[in-house]
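In what follows, a structure is listed as structure tokens, so that the remarks can point back to it.
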Amino acid sequence: MGVQKIATFSPSEKTFTGGGTFLPGEVKGIIRINPNKCVGCDTCRHHCPAGAIKGSLGVTHHIEEDLCLSCGQCLVNCPFGAIEQMSFLDEVLSRLKDPDYTVVAIIAPAVRVALAEEFGAPPGTLTVHRMHAAFKKAGFRIYENNLAADQTIMEEGYEFIAKVKYWLLGDKTPELEKFAEHPLPHFTSCCPAWIRYAELYWPDILPHISGAKSPQQMAGATVKTWVALRLWNIDPRKIYTVGIMPCTAKIYEASRPEFKSAFYWLKEKGHLPEDTPPFPDVDAVLTTRDAAELFRCLNINPLNVSPEKETDITEVYTGGATIFGNSGGVTEAALRTAYCVLSGQEPSSWNIEAVRGHTTGVRTAKLAIPLKPLGGKKANFHICVVNGVKNHLEPILEDVVIGKSPFHFIEVMNCPGGCINGGGQPVNPMGTSWIDPLLPLPLKA
Amino acid sequence: MDKVLKFSVTEKIFHNVNAVSWYVLAITGIIVYFNLAGSETKNFLMQIHIWAGVVFTFNFLAFIFLAPHRFYILMKNLLEWDKDTFAWFKNLGGYPRRFFKINIGPEEVAPQGKFNAGQKLTYLFFIFMIIALIVTGWFLYFAKHSMGKGLFLMFFYLHVWGSIITTLIATFGHIPLSIANKEDLLAMWRIGPGTVSLKWAKHHNPKWFQNDVIMRPLQNCRDQYGKHNCKGSVPIFRNEK
Ligand code: HEM
Ligand code: SF4
Ligand code: SF4
Ligand code: SF4
């Protein structure tokens with residue numbers, strides 16, 4: 001079965017001017033409705049987690065930019081292909097042609113699963129090695145997003161551990177002082193649509209959200225610092241990082257002004273000339289669909305490229321991160337870390353299956369961790385995974401705000417089923433994700 | 001007595017409420033789909049469309065559930081096809097000759113039942129579309145997400161184009177022809193009995209008259225002056241004997 005063609009458009013001057021709920025430089029208007037194609041069927045409005053879509057049945061709909069999370073759920077669910085995505089493909093193509101630049105692809109796991117679909121093969125048929133080879137053929141070097149996901153998991157796992165120590169075990173040592181302002185439950189932070197949702201609609205929740213950057217942002221910063229200086233020996237200013245993501249909100253995330261860590265660090269350490277203008281950690285984001293278009297422009301069919309072994313250490317990753325793209329994946333990975341540290345032992349089984357996968361919008365699990373500081377006394381941790389902000393998240397946030405939440409760890413993925421079903425993925429003309437709210441399908445990476 | 005009942009009250013109510021709500025639905029739907037008005041107006045028209053849809057739906061359900069025997073007779077008349085029914089197509093009931101002076105087929109029209117072959121086809125199509133539009137309409141409104149995108153699209157286009165095609169057939173075929181057949185028109189639309197004259201029935205629907213209608217001689221009857229007057233006969237239906 002083919003995939004539905006989604007129209008794209010290039011950014012304009014207005015894209016970066018900020019205003020409304022956007023800071024200057026932040027990409028706005030990533031998702032827009034083409035009024036000439038919209039028939040007013042009202043489907044998109046029922047999928048929007050933010051109530052950003054205005055219009056009633058029969059009337060041409062439009063998106064209120066200031067309310068929009070750029071998650072693209074409306075886009076993948078519009079039966080008429082009337083919703084379009086801003087694409088940075090032209091910019092990426094021109095950088096690929098520019099011999100001065102090293103263009104680095106940061107490839108999320110959910111991309112590989114879906115990319116094959118764009119080339120007419122069943123989802124999941126594209127192997128990692130083959131896909132890497134295809135990106136290299138297109139002129140990229142690769143930094144596996146999975147590698148960054150490992151970093152995120154460590155970071156987030158340790159952050160959770162610190163919160164547990166401070167809030168549950170009463171450990172008020174000075175280095176844990178800062179967690180006084182970051183109470184439990186702990187929320188994950190890797191979904192940019194969720195972050196914007198919290199910022200716009202639930203600011204009270206912000207102190208609960210992990211301070212860890214998403215894998216994409218960790219990858220960008222790492223490539224422009226450690227990889228550039230230590231591994232590849234190239235000028236970080238001549239590195240152009242491209243997130244290859246299942247997600248349209250990642251386009252927005254990359255443009256957030258705070259994500260210039262590499263620049264500030266390099267500057268502080270004297271690696272940059274004084275007059276260097278600030279540059280972002282991630283220069284551009286291509287969705288899975290954009291990446292497929294890129295291959296088509298360059299006449300590459302990733303399914304026919306001969307696979308290669310890794311040549312860079314930056315292409316390698318662990319199993320823990322592969323499940324990141326699954327809903328529940330982040331939680332599982334972070335909890336593996338937390339379990340080890342808090343109990344001083346490995347969990348009896350590595351798979352804490354109760355949270356992974358997708359059967360309903362909200363999944364909860366209980367995990368008993370023997371706590372080393374309490375002499376191995378078991379404590380129950382209540383874990384919650386929200387698949388799809390729409391319809392599911394509000395009651396959970398309400399509990400947190402009034403201090404009645406039973407949970408310690410809450411993962412929020414904006415899209416139903418997680419990134420595998422993200423707004424940047426190939427659009428299935430049958431709309432498998434559509435029946436999702438009624439008949440949740442097991443979507444596994 | 002020289003009249004015979006062609007359309008019962010239930011049929012007349014069903015048909016006329018159906019016809020009026022149909023055009024309300026068609027006009028509002030077409031304006032909204034083809035963007036012939038501003039957003040405010042379209043929003044308002046859509047509201048009307050939904051409420052007219054409620055009337056349209058309940059009208060149809062009421063007919064089949066409250067007058068199932070009439071619905072049965074209607075369907076029986078529409079579904080029974082004999083040699084003469086097919087023979088109607090040879091000259092299309094003589095209409096091309098009568099209206100446009102186009103000479104096709106024999107002069108004589110093959111004898112037809114309560115409905116001629118053209119009516120049978122058209123009405124079957126109408127009834128099919130009425131059901132299809134009710135089903136697709138309410139699915140589009142209430143159950144988008146139980147369908148999946150592909151089925152949704154199919155339903156959507158069936159609803160839009162099915163209704164447009166049917167409206168064209170009704171507007172340029174059914175209505176002009178029904179106006180041309182004056183007694184039928186009056187029987188269907190007048191406020192009062194749905195009867196046509198015996199003469200009309202014998203001429204237009206000979207087989208119906210022959211097969212379904214029996215002339216029962218009047219017996220033991222008095223006229224309004226109390227006098228015996230048993231000349232003549234009344235038409236009754238065979239299944240009412
Ligand atoms: C508003 C204009 C309309 C007029 C003046 C009109 C007139 C008539 C007349 C006179 C008949 C009886 C014809 C006969 O059998 O000799 C008839 C039957 C019928 N019409 Fe219409 N009609 C109209 C609209 C519609 C519409 C919009 C539909 C549905 C799409 C429809 C569906 C039918 C059906 C199914 C029958 C056969 C029903 C029965 O005999 O009980 N009509 N119409
Ligand atoms: S789903 Fe598509 S066609 Fe339907 S209202 Fe939204 S944008 Fe318009
Ligand atoms: S992109 Fe997401 S938040 Fe924005 S209008 Fe579409 S569904 Fe709503
Ligand atoms: S769930 Fe994944 S794809 Fe969807 S908005 Fe969040 S990060 Fe993007």
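Our helix-only sum for the protein assembly as shown, with -39,500 (n - 2.57) per DSSP H run of n ≥ 4 divided by its residues, gives a mean residue ellipticity at 222 nm of -12500 deg cm²/dmol.
Per residue, the convex hull spanned by the alpha carbons of the range A:224-308 comes to 122 Å³. Highest mean packing first, where packing is the average number of other Cβ atoms within 10 Å per residue, the peptides B:186-199, A:366-379, A:180-193, B:9-22 line up as A:180-193, B:9-22, B:186-199, A:366-379.
With a 10 Å cut-off around each Cβ of B:38-47, the average count of Cβ atoms from other chains is 4. Over all distinct Cα-Cα pairs of the range B:105-154, the Kirkwood formula returns a hydrodynamic radius of 13.7 Å. Across the options B:PHE56, B:ASN35, B:HIS69, the greatest Cα extent toward the positive end of the charge dipole of the range B:1-73 (unit charges at beta carbon of Lys, Arg, Asp, Glu) belongs to B:HIS69. Taking only the Cα atoms of the protein assembly as shown, the ratio Rg/Rh comes out at 1.17, with Rh defined as the Kirkwood radius.
Here B:TRP88 sits with roughly 20 square angstrom of accessible surface, probe radius 1.4 Å.
To the nearest µm²/s, what D does Stokes-Einstein give for the range B:73-161 at 10 °C and 1.306 mPa s, using the Kirkwood radius over alpha carbon pairs as Rh? Please report the intermediate quantities before stating the final value.
Working: Rh = 15.6 Å.
Rounded, D is 102 µm²/s.
Between B:LYS3 and B:LEU198, the built amide H atoms are under 5 Å apart, and every one of these is 5 or more places off in sequence or on another chain. For A:GLU64, the accessible surface of its heavy atoms amounts to roughly 80 Å² (probe 1.4 Å, protein chains only, rounded to the nearest 10). Across the range A:132-141, coupling constants 3J(HN,Hα) worked out from phi with the 6.51/-1.76/1.60 Karplus curve, θ = phi - 60°, read 4, 4, 5, 5, 5, 4, 6, x, 8, 9 Hz, and Gly and Pro carry x.
The Rg/Rh ratio of the range A:8-85, with both radii computed over alpha carbons and Rh defined as the Kirkwood radius, is 0.96.
Please report, in cubic angstrom per residue, the volume enclosed by the convex hull of the alpha-carbon atoms of the range B:3-216. All intermediate terms of the calculation are to be shown ahead of the outcome.
Working: hull volume 32.7 nm³, N = 214.
With only Cα atoms used, the range B:3-216 gives 153 Å³ per residue.
Chains B and A together bury some 1700 Å² of accessible area, summed over both sides, with a 1.4 Å probe. 3J(HN,Hα) along the range A:383-389, derived from phi through the Karplus expression 6.51 cos²θ - 1.76 cosθ + 1.60 where θ = phi - 60°, amounts to 10, 9, 10, 9, 9, x, 4 Hz, with x in place of Gly and Pro. A 1.4 Å probe over all protein chains sorts A:CYS38, A:CYS297, A:CYS384, A:CYS419 by accessible area into A:CYS297, A:CYS419, A:CYS38, A:CYS384, starting with the largest.
At 1.4 Å probe size, put A:ASP281, A:ASP150, B:ASP82 in order of accessible surface, largest to smallest. Intermediate values should be presented prior to the final figure.
Working: A:ASP281 0, A:ASP150 30, B:ASP82 60 Å².
Ranking A:ASP281, A:ASP150, B:ASP82 by accessible area, largest first, yields B:ASP82, A:ASP150, A:ASP281.
The mean number of Cβ atoms from other chains found within 10 Å of a Cβ in peptide A:54-63 is 5, as a whole number.
A Gaussian network model of chain A, with springs between Cα atoms under 10 Å, assigns the largest mean-square fluctuation among A:GLY40, A:GLY157, A:GLY72 to A:GLY40. Taking every protein chain into account, the 1.4 Å probe leaves A:GLU346 with about 110 Å² of accessible area, to the nearest ten.
Largest first, what is the accessible-area ranking of A:PHE263, B:PHE100 with a 1.4 Å probe?
Numbers: A:PHE263 10, B:PHE100 145 Å².
Result, largest first: B:PHE100, A:PHE263.
Accessible surface for the range A:17-89, divided over its residues, is 30 Å² per residue with a 1.4 Å probe. For the pair the range B:1-43 / the range B:97-114, the C-alpha centres are spaced 30 Å from each other. Across q = 0.10, 0.23 Å⁻¹, the range B:117-224 modelled as identical point scatterers on its alpha-carbon atoms has Debye log10 I(q)/I(0) values of -0.51, -1.24, in the order of the q list. May I ask you to give the percent of accessible area on the range A:1-42 that is carbon plus sulfur, with a probe radius of 1.4 Å? Solvent-exposed carbon and sulfur of the range A:1-42 make up 56 percent of the total. For chain B, the fraction of 1.4 Å probe accessible surface lying on carbon and sulfur atoms is 68 percent. For the range A:14-151, the direction-averaged projected area of the alpha-carbon convex hull comes to 10.9 nm².
Quick check on my link table: of A:LYS28/A:LYS404; A:LYS165/A:LYS269; A:LYS14/A:LYS97; A:LYS28/A:LYS366; A:LYS14/A:LYS269; A:LYS54/A:LYS404, which ones sit more than 29 Å apart, alpha carbon to alpha carbon?
Working: A:LYS28/A:LYS404 36 Å; A:LYS165/A:LYS269 33 Å; A:LYS14/A:LYS97 26 Å; A:LYS28/A:LYS366 39 Å; A:LYS14/A:LYS269 35 Å; A:LYS54/A:LYS404 34 Å.
In this structure, A:LYS28/A:LYS404; A:LYS165/A:LYS269; A:LYS28/A:LYS366; A:LYS14/A:LYS269; A:LYS54/A:LYS404 exceed 29 Å between Cα atoms.
The values are calculated or read from the model by the stated rules, or taken from the named source; none is laboratory data. Keep in mind the model is a prediction, meaning the values are calculated, not measured. Note: ideal-geometry Cβ built from the backbone for every residue, glycine included; neighbour counts use all protein chains shown. Ligands, DNA and RNA are stripped out before the accessible areas are found, and what is left, the full protein with its side chains, is counted by its heavy atoms. Shrake-Rupley method; radii C 1.70, N 1.55, O 1.52, S 1.80 Å.
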